[in-house]
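The values are calculated or read from the model by the stated rules, or taken from the named source; none is laboratory data. All values derive from a computational prediction rather than experimental measurement. Using ideal geometry, Cβ is built from the backbone for each residue, glycine included, and neighbour counts are taken over all protein chains shown. We work out accessible area using only protein heavy atoms, side chains counted, and drop any ligands, DNA or RNA first. Shrake-Rupley method; radii C 1.70, N 1.55, O 1.52, S 1.80 Å.
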Amino acid sequence: MRKPAFGLALLLALALAQSAGEILDRVARNLQDPWQATLQGTFQGPMGREELRVRVLAIPRENLFRLEFQRPGSLEGNFTVITEREVWNYLYLTNQLIVTPKERAQVQGLGLSPQALVDPGALLERVGFRLLGEERLPEGVAWRLLGQAKEGQGFATLELYVLKADPRPLRLVFRDEAGVVLADLGVAEFRRASLRPQDLRRYPRDAQVIRR
């Protein structure tokens, strides 16, 4: 009796592994139109656990995203713009716009790849996911995915919860190699929005632009 049970478990494991990519494809298709949301939770800062609150604006069809930092105080006023080829990190205190090639950019003061926070399509390129199962959250039933990150992303694993009824991320838990939680973020205030590219690309005209 043990062999059939083992075989059934193996088939189930393979089925779960194969469907993770399909789920993220659904998310990418569902989020093609402009949207906005708020990422909120905690992250591991230099002084320990800190509150994080970020307003996200997205025009996925143009590969254009904007993250506006509201918490913690050390990041308040900063923003990050992700374009097709570059990432712009604006630092409020120094009035500088740091422009970095997309493949090696991280969010200033956070240490994570910015695409990992907002772009499901980029996640498929940078993280290998498998499906762990389903879980009921306050928003509804969600798929629970676990991903192993490639090097240079600023994290080792990502636990991602995706709403089944309206495929989109609900929660993201980033961990390092030792399993320490780097950031635990929920997605709130999600809605479709009327956004223009120039609104997402705007920055102070007197800012010092630095290319790295």
Give, as ranges by residue number, the residues of region 70-111 whose backbone N falls under 19 Å from the point 7 Å along Cα→Cβ of Arg211. 81-91, 96-106
Of all accessible surface on the chain at a 1.4 Å probe, what whole percent is carbon and sulfur? 51 percent
Residue-ordered couplings for region 61-77, obtained by feeding phi - 60° into the Karplus form 6.51 cos²θ - 1.76 cosθ + 1.60 and rounding to whole Hz (Gly and Pro as x), are 4, 9, 6, 10, 9, 9, 10, 10, 8, 10, 9, x, x, 5, 10, 4, x
Over the chain, relative contact order from alpha-carbon pairs under 8 Å, at least 6 apart, %: 22 percent
Send over a whole-number figure in Å² for the accessible area per residue of region 20-211, probe 1.4 Å. 48 Å²
At 222 nm, what value in deg cm²/dmol follows for the chain if DSSP H runs of at least 4 each add -39500 (n - 2.57) and the sum is divided by all its residues, to the nearest 500? -6500 deg cm²/dmol
Quick note, the chain: a/c under 1.5 would make it rounded; otherwise a/b > b/c is prolate and the rest oblate (a ≥ b ≥ c, C-alpha gyration tensor); here it is prolate
Rounding to the nearest 10 and keeping the result within 0 to 90°, find how far the Cα-based axis of helix 2-30 lies from the longest principal axis of the chain. 30 degrees
